[in-house]
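The values are calculated or read from the model by the stated rules, or taken from the named source; none is laboratory data. Not measured: the values here are computed from a predicted model. All Cβ positions, glycine included, derive from the backbone under ideal geometry; neighbour counts span all protein chains shown. For the accessible areas, the whole protein counts, side chains as well, though only heavy atoms, and no ligand, DNA or RNA atoms are used. Shrake-Rupley method; radii C 1.70, N 1.55, O 1.52, S 1.80 Å.
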Amino acid sequence: MSASSAASRPAAMLGLSIREVSQALRDGRVSATELCRKCINQIQRTRYLNAFITITEETAMEQAQRTDSRLRTGVCVCHIKCINLLWLNNNFHVLYVFSCKVNLFLPYKKGKKGIPFSVKDNFCMENIETPCASGMLKGYVPPFNATVVQKLLDQGAVLVGKTNLVEFAMGAGSTDGVFGPVRNPWSYTSLYREQSTEDPDSDWAITGGSSGGSAAAVASLSSFLALGSDTGGSTRNPGSLCGVVALKPTYGLLSRHGLIPLVNSMDVPGIMTRSVHDAATVLRILQGRDERDSTTVQAPSTPPRLPEHFDIRDICVGIPKEYHAPGLSKDTLAQWSRVADMFEQAGARVQEVSLPHTQHSIVCYHVLCCCEVASNMARFDGLEYGHCSKVDSSTDAMYATTRHEVFNSVVRRRILSGNYFLLKSNYERYFVKAQQMRRLIAEDFKNVFRTGIDVLLTPTTLSDAARYSDFIQEDNRTRSAQEDVFTQPVNMAGLPAVTVPTALSHRGLPIGLQLIGQTLQDWKLLTVAQWMEQKVNFPMIHLHGESNERELNRSVRERTHTIGS
């Protein structure tokens, strides 16, 4: 579908990629205000998904209006060598040339506007409550913006809301936060609903997690892009289950400043979009050193855009034999085999490889995750900020009661486990051994890439999205181990990975496959991913209808805070 034909229909316009809607903006067919209003309306129409914690309607509209105003008056919002223009008598007049930054979202021309985006609620936003789906941070309003958020705002992008997640991003289902579970938009498509005899309010699939709200926002056409976080797969898992592109960049390529930490040595801001090209566009904006985050690295030089034509015959694709894991669904296995054959038939070299320590990775990840969680959660003591218990018999009693009152069982268990692993008597047995295993896991990847492998092709998840009623039958620890089995080794090795939606399962739910690249070769990874995306031809989502939206929306309206409504 062309941008011109799609832009004439509001619903179709929301389904465009950033690249396509930018072209519509360059053609002057829509204003920033109009596009922002369409996204806000879509958020309201799909509130039953519970994807958003906070809707920033007032500030979003103000941002969009300022963008329109600047463009009408000829004030440039980019920062390159630009010509300042004045619109007068139906024509542009050159005033003067000045220096400013490159703005990829707002190419300067009359009628251009900001791209609506959303942010997972564990990123700090100035003057916007950021509870991180926990009662502990209820009422916490950060005094600054996370670096990656600020970079988007500097480019003129328009924030439409903060998205739902599990408490402190601990979990793989987006079901355990204080704002309630997030629903997978594909549960409300005709293909899924036609196979169900139950009410939509009881038969729906999870989004995956922990960035479930961000994935649902992009999949439901409420945002053109969303930021998530990825510690063990928290961007790629929901990206796969919700049918969107989800990129976990190389560790250190994006700043973690302003991201409420879970596991400092593995946390990475993630990017969710509807196309690989869009993910690459956002990556170029967000990457690079940040003086506020000492773990950031210099971004490698990259071309302005992914190549339109790419010879896949120059690529060698590795298929890790250890990823044929127990529980891998027939649908997922079939897609994995189909795409591997697709690469081979196109002339790429495809060969089986071995990552021998993969079998130990999930246990290693659990130990290290709990250890760092215990350390990071120690700051939430009720003394400096966040919830504080009214128990005041002693400092210790206040501290213990504060944490017990608001941390859910998942958070408390991880803290207890981490403290146990870090005991002097257990330190060598658990933490040190886990660090040693982590080094071996990272070395496995290096050894494979040294043999000439360019990318690895794996499943992202064991299957398509589970029904919520089935998912909650097992505890968080068990579910996280199942859902993270293919994703967390990448975080321990610090490598880039991207999940690309590939096909729909027999239930009508998305299946995604993961591509893993070498350190700081994110651009090459995305180039291969774009080739794959073009070949698989994943379908656009079409929601079943609005007959049940009023009833479904009522159940989540009170949990969502709208600023300016």
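For the charge dipole of the chain, defined by +1 on Lys and Arg C-beta atoms and -1 on Asp and Glu C-beta atoms about the Cα centroid, which residue among LEU35, PRO185, PRO131 has the Cα displaced farthest towards the positive pole?
Farthest towards the positive end: LEU35.
What accessible area per residue comes out for region 364-433, rounded to a whole number of Å², with a 1.4 Å probe? Before the final figure, lay out each step's value.
Values: 3930 Å² over 70 residues.
Per residue, region 364-433 has 56 Å² of solvent-accessible surface.
On the full set of protein chains, 1.4 Å probe, figure out the accessible area of CYS388 and give it in Å² to the nearest 10.
Only protein atoms counted, so the area is about 60 Å².
Rolling a 1.4 angstrom probe over the protein heavy atoms, how many square angstrom per residue are accessible across region 179-325?
On a per-residue basis, 28 Å².
Give me the distance in nm between label points sitting 7 Å out from Cα along the Cα-to-Cβ direction at GLN298 and LYS424, one decimal.
Roughly 4.5 nm, to one decimal.
List the relative contact order of region 352-481 as a percent without decimals, with contacts defined as Cα pairs under 8 Å and 6+ residues apart. Could you put the intermediate results ahead of the total?
On the way: 95 pairs, mean separation 44.2, N = 130.
Taking the mean separation of contacting Cα pairs over the length of region 352-481, I get 34 percent.
Using a 1.4 angstrom probe on heavy atoms only, work out the carbon and sulfur share of the accessible area of region 364-433 in %.
54 percent
Multiply the residue separation of SER409 and LYS433 by 0.36 nm, subtract the distance between their alpha-carbon atoms, and state the gained length in nm to one decimal.
Extra length available between SER409 and LYS433 comes to 6.0 nm.
Place +1 on the Cβ of every Lys and Arg and -1 on the Cβ of every Asp and Glu in the chain, take the dipole about the Cα centre, and give the residue among HIS404, CYS316, ILE260 whose Cα lies farthest towards its positive end.
CYS316
Past 18 Å, Cα to Cα: identify those pairs from LYS321/LYS433; LYS330/LYS524; LYS248/LYS433; LYS120/LYS248; LYS321/LYS446; LYS330/LYS535, in the order given. Don't skip to the end; give the middle numbers.
Details: LYS321/LYS433 25 Å; LYS330/LYS524 30 Å; LYS248/LYS433 26 Å; LYS120/LYS248 14 Å; LYS321/LYS446 16 Å; LYS330/LYS535 21 Å.
Over 18 Å apart, Cα to Cα: LYS321/LYS433; LYS330/LYS524; LYS248/LYS433; LYS330/LYS535.
Using only the heavy atoms of the protein chains and a 1.4 Å probe, how would ARG292, ARG349 rank by accessible area, largest first?
From most accessible down to least: ARG292, ARG349.
What is the calculated FRET efficiency for ALA12 to ASN447, with r their C-beta to C-beta distance and R₀ = 41 Å, to the nearest 0.05?
0.30
With an 8 Å cut-off on Cα pairs and a minimum separation of 6 or more residues, tell me the relative contact order of the chain in percent. Please list the in-between numbers first.
Working: 1264 pairs, mean separation 100.1, N = 565.
Computed over the chain, the figure is 18 percent.
Which log10 I(q)/I(0) values does the chain give at q = 0.06, 0.09, 0.10 Å⁻¹ under the Debye formula, counting every alpha carbon as one identical point scatterer?
Values, matching the q order: -0.28, -0.64, -0.80.
Just how far, in whole angstrom, is region 155-205 from region 485-532 if you go by their alpha carbon centroids?
After rounding, the separation between the Cα centres reads 21 Å.
Which stretch or stretches of region 477-520 have amide N atoms under 16 Å from the point lying 7 Å from SER337's Cα along the Cα→Cβ direction?
506
Using the Cα atoms as the points, what is the convex hull volume per residue of region 364-433 in Å³?
Working: hull volume 6.1 nm³, N = 70.
Given the Cα convex hull of region 364-433, per-residue volume reads 87 Å³.
When the helices in the chain are scored as -39500 (n - 2.57) per DSSP H run of 4 or longer and the sum is shared across all residues, what 222 nm value do you end up with, to the nearest 500 deg cm²/dmol?
Numbers: 20 runs with 207 residues, N = 565.
Calculated from helices alone, the mean residue ellipticity at 222 nm is -11000 deg cm²/dmol.
Can you give the Rg and Dmax of region 267-339 based on its C-alpha atoms, in angstrom?
17.3, 47
Can you give the longest stretch of the chain with no exposed loop site, where a site means GluC sites (Glu not before Pro) in a DSSP loop (not H, G, I, E or B) with at most 10 other C-beta atoms within 10 Å?
Answer - 1-290.
Which stretch or stretches of region 119-158 have amide N atoms under 20 Å from the point lying 7 Å from SER69's Cα along the Cα→Cβ direction?
Hits in region 119-158 for SER69 at 20 Å: 153-158.
Sort LEU520, LEU35 by accessible area with a 1.4 Å probe, largest first.
Largest accessible area first, the list is LEU520, LEU35.
From the P(r) of region 180-279, could you give the percentage of C-alpha pairs in the tail past 19 Å?
Looking at region 180-279, the distances longer than 19 Å represent 43 percent of pairs.
Please work out whether region 261-413 counts as rounded, prolate or oblate from its C-alpha gyration tensor, where a ≥ b ≥ c are the square roots of the eigenvalues and a/c under 1.5 means rounded, while otherwise a/b larger than b/c means prolate and anything else oblate? Walk me through the numbers before you get to the answer.
Details: a/c = 3.09, a/b = 1.82, b/c = 1.69.
Prolate, since a/c reaches 1.5 and a/b exceeds b/c.
Expressed as a rounded percentage, what relative contact order does region 364-433 have, with Cα pairs under 8 Å and six or more residues apart?
Across region 364-433, relative contact order equals 42 percent.
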